[in-house]
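J.: Supplied in structure tokens, the structure appears directly below.
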Amino acid sequence: MVDPTLMCTKHLLGEHVELHMFVGCLVRKKTLSGYFNKGLLEVHSIRARHAALAREMLRRGMQHKSPLQPFRSFKMGKINRRQSKLELARRCENCQSLINRAKGPRAPQRVR
Ligand SMILES: [Zn+2]
Ligand SMILES: [Zn+2]
């Protein structure tokens, strides 16, 4: 749930693959409770999040040929967005430098 423009390509693609995996699990009614328990998944945000990641992939000149398979969305899960961003910055130097650059004093506020 970090702004896709602040993610390194590896994490951008990684989360994209995960979203497809989540939908696959939802369709096959596999349990995702581990993700819910850790606050890593919001079912109701999957569709919009996938669209945002796909848009950023195209913007970086990558291909995106994998529409999300149809699934029934419902309200479930809660992601802590601030926590996710801190965690990503802590775990990945590349994401960290993108996030820090965006935090710079003269960086315009992103309106989305
Ligand atoms: Zn996709
Ligand atoms: Zn990264």
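The values are calculated or read from the model by the stated rules, or taken from the named source; none is laboratory data. Just so it is clear, the model here is predicted, and its values are computed rather than measured. With ideal geometry, Cβ positions are generated from the backbone for all residues, glycine too; neighbour counts draw on all protein chains shown. The accessibility values were calculated without ligands, DNA or RNA, using every heavy atom of the protein model including side chains. Shrake-Rupley method; radii C 1.70, N 1.55, O 1.52, S 1.80 Å.
J.: Compare the Cα positions of SER33, ILE79, ASN100 along the charge dipole of the chain (+1 at Cβ of Lys, Arg; -1 at Cβ of Asp, Glu; about the Cα centre) and return the one farthest towards the positive end.
T.: Positive-end residue among those listed: ILE79.
J.: Take the solvent-accessible surface of the protein heavy atoms, probe 1.4 Å, and return the percent of it on the chain that carbon and sulfur atoms account for. Can you show the working numbers first?
T.: Working: 4200 of 7760 Å².
Answer for the chain: carbon and sulfur cover 54 percent of the accessible area.
J.: Can you tell me the 0 to 90 degree angle between the C-alpha axis of helix 81-91 and the longest principal axis of the chain, rounded to 10?
T.: Approximately 70 degrees, to the nearest 10.
J.: Please label the shape of the chain as rounded, prolate or oblate, based on the square roots a ≥ b ≥ c of the eigenvalues of the alpha-carbon gyration tensor (a/c under 1.5 means rounded; beyond that, a/b larger than b/c means prolate, else oblate). Write down the numbers at each step before the final one.
T.: Values: a/c = 2.06, a/b = 1.50, b/c = 1.37.
Judged from the Cα gyration tensor, the chain comes out prolate (a/c at least 1.5, a/b above b/c).
J.: Express the relative contact order of the chain as a whole percentage, based on alpha carbon pairs under 8 Å and six or more residues apart in sequence. The partial results should precede the final answer.
T.: Details: 88 pairs, mean separation 42.5, N = 112.
Reported relative contact order: 38 percent.
J.: What FRET efficiency would be calculated for the residue pair ASN94, SER33, taking the C-beta separation as r and a Förster radius of 30 Å, to the nearest 0.05? Can you show the working numbers first?
T.: Values: r = 31 Å, r/R0 = 1.02.
Once rounded, the FRET efficiency stands at 0.45.
J.: Something else now. Nearest 500 deg cm²/dmol is fine: what mean residue ellipticity at 222 nm does the chain get from its DSSP H runs of n ≥ 4 alone, each adding -39,500 (n - 2.57), divided by its residue count? Walk me through the intermediate numbers first.
T.: Details: 5 runs with 60 residues, N = 112.
After summing the helix terms and dividing by residue count, I get -16500 deg cm²/dmol.
J.: Further question: Test of understanding: what is the full-extension gain from SER73 to ARG101, defined as 0.36 nm times their sequence separation minus their Cα-Cα distance?
T.: Numbers: separation 28, 0.36 × 28 = 10.08 nm, distance 3.48 nm.
Gain on stretching SER73 to ARG101: 6.6 nm.
J.: I would also like to ask the following. About the Cα centre of the chain, what is the dipole size in debye to 20, counting +1 per Lys and Arg Cβ and -1 per Asp and Glu Cβ, all else neutral?
T.: Numbers: 24 positive and 7 negative charges, 48 e Å.
Result for the chain is approximately 220 debye, rounded to the nearest 20.
J.: Another question about this same structure. Compute the accessible area per residue over the chain, keeping the other protein chains in place, probe 1.4 Å, unit Å².
T.: Details: 7760 Å² over 112 residues.
For the chain, the solvent-accessible area averages 69 Å² per residue.
J.: A further question follows. For the range 1-111, compute the number of Lys pairs whose alpha carbons are separated by less than 17 Å, excluding pairs fewer than 8 positions apart on the same chain.
T.: Values: LYS10/LYS85; LYS29/LYS75; LYS30/LYS38; LYS30/LYS75; LYS38/LYS75; LYS38/LYS78; LYS38/LYS85; LYS85/LYS103.
So the count of such lysine pairs works out to 8.
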